[in-house]
Each structure stands twice: as structure tokens, then as C-alpha cells.
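The values are calculated or read from the model by the stated rules, or taken from the named source; none is laboratory data. Since the model is a prediction, treat every value here as computed from it, not as a measurement. Positions of Cβ are generated from backbone atoms using ideal geometry, with glycine treated the same way; all protein chains shown enter the neighbour counts. Quick note on the areas: whole protein, heavy atoms, side chains included, nothing else; ligands and nucleic acids left out. Shrake-Rupley method; radii C 1.70, N 1.55, O 1.52, S 1.80 Å.
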Amino acid sequence: MQNFNYHSHTYRCGHADFNMEDEDYIKEYIKMGFKKMAFTDHCPQKMR
């Protein structure tokens, strides 16, 4: 398994959990064994 993710969806693009903050994502990635990650999701979409 790769230990990095350079394309993480967030609430900003409308493709992920609106209740998760950036720090929550980082903590989850660490728990899963990831060593590197980046927030490089899609362009922001109009909030629902």
C-alpha cells in the first residue's frame, strides 16, 4: 500500500464530510499509516 495521498477531498469542494476539519483528516491519515498527504481537492463548489 502506498503511504501517501496527494488528492484529498474536503468540505471545500463539496465531495466530503462537511463536519470534518483539516486536522481531523490529518489525524485519520496518521492512524491509517500515511506518511505524507496534501489538500489538493477540486475547485470550490457553491455550498449547499
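Observations
- Count of the stretch 17-36 residues, restricted to those that are under 8 Å from the mean Cα position of the chain (by Cα) and open to solvent by less than 60 Å² (accessible area, probe 1.4 Å), is 2.
- Contacts under 7 angstrom Cβ, first residue in the stretch 5-31 being over 12 Å from His42 (Cβ atoms), partner of a type in the set (Phe, Trp, Tyr) and part of a helix (DSSP H, G or I), 6 or more apart: Asn5/Tyr29
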